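Peer 1: The structure is given below, and queries will be raised subsequently.
Bear in mind these aren't lab numbers, they're just calculated from the coordinates by the rules spelled out. Keep in mind it's a predicted model, so treat the numbers as computed, not measured. Virtual Cβ from ideal backbone geometry, glycine too; neighbours counted across all protein chains shown.
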Amino acid sequence: MDKGPNLNHNSLSHGTAVNLIQNHIESEYVVAVDADVAVVYPGWDEVIVNELNNYDCFGGDYEHVSKYLGFPTVYLFSFRRHILNKVRLDFRPKITEGKESPYRYTIKDAKEAKHFGKKVGDMIKCDTGWRLPLIIKGAGFSSKSMPMILMTNENSQLPFEDAKHKKLCMKKPSHMHEWHYNGRLFATHKQACRNHPLNTGWGEAWKKRIELYIKEK
């Protein structure tokens, strides 16, 4: 008997839940955003609608060696409902039984490499949403993604309160990243919300950076 998905696995639970929203979509424009993402761009919803009038999906890119490139991530992902007339999106990760870390997939051919924005032989971390470019680009749909800016990048726009605050945040330099739209901060993602909830020290440090940015604007 099929026991169904292993919902004790955090990423698989997430991907399975996002898959289910496809059964309840009523609007033409659909936006999926992680709980630990803050959108700060004025008129952000109009930006998304305008971009989706030109592209089938839109969102924030990855800047990560083991992830796909040049395509919106599951953290901040929007699309037009009409694509569901042709494809069924699958946000589930590929996992190995008994392991929390997702399976690593080796890109096999030029077509896969093109969709993933990588090279043949590169490895992809099969985390939540890893198949999205294969499904969407493979069906001939278009996409646009905003560049991801890490904390360590000189173009990062979220400020720090002081040296102590910056030192705390920099303990995890790949976290608290940003997405920029036309050179301006559009959204920021803290990451690891399950391990570092928003009401803990790490979460509070991230929220403080957002508050400082908003005050400056």
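Peer 1: Counting only Cα, what are the radius of gyration and maximum Cα-Cα distance Dmax of the chain, in Å?
Peer 2: Here Rg and the maximum Cα pair distance are 17.7, 58 Å.
Peer 1: Looking only at the range 55-88, which residues have a backbone nitrogen under 15 Å from a spot 7 Å from the Cα of R104 in the C-beta direction?
Peer 2: Residues 65-68 qualify, since their backbone N sits under 15 Å from the label point.
Peer 1: Which entries in K144/K207; K171/K208; K94/K114; K172/K217; K67/K166; K144/K172 show an alpha-carbon gap greater than 18 Å? Write down the numbers at each step before the final one.
Peer 2: Numbers: K144/K207 28 Å; K171/K208 16 Å; K94/K114 20 Å; K172/K217 26 Å; K67/K166 27 Å; K144/K172 28 Å.
Long pairs (Cα-Cα over 18 Å): K144/K207; K94/K114; K172/K217; K67/K166; K144/K172.
Peer 1: Quick one: check the C-alpha center-to-center distance for the range 137-205 versus the range 18-76, whole angstrom.
Peer 2: Taking the Cα centre of the range 18-76 as reference, the centre of the range 137-205 is 15 Å away.
Peer 1: Out of the trypsin sites (Lys or Arg not before Pro) in the range 158-190, which ones are loop residues according to DSSP with at most 13 other C-beta atoms within 10 Å? Mind showing how you got there, number by number?
Peer 2: Details: sites: K164, K166, K167, K171, R184, K190; in loops: K171, K190.
Passing sites in the range 158-190 are K171.
Peer 1: Within a 10 angstrom radius of the beta carbon, how do F79, F141 rank from fewest other beta carbons to most? Intermediate values should be presented prior to the final figure.
Peer 2: Values: F79 25, F141 17.
Ascending number of Cβ neighbours within 10 Å: F141, F79.
Peer 1: So, one more: Cα-based Rg of the range 69-169 per 2.2 N^0.38 Å, rounded to two decimals? Before the final figure, lay out the partial values.
Peer 2: Details: Rg = 17.0 Å, N = 101, 2.2 N^0.38 = 12.7 Å.
Relative to the rule-of-thumb radius for its length, the range 69-169 sits at 1.34.
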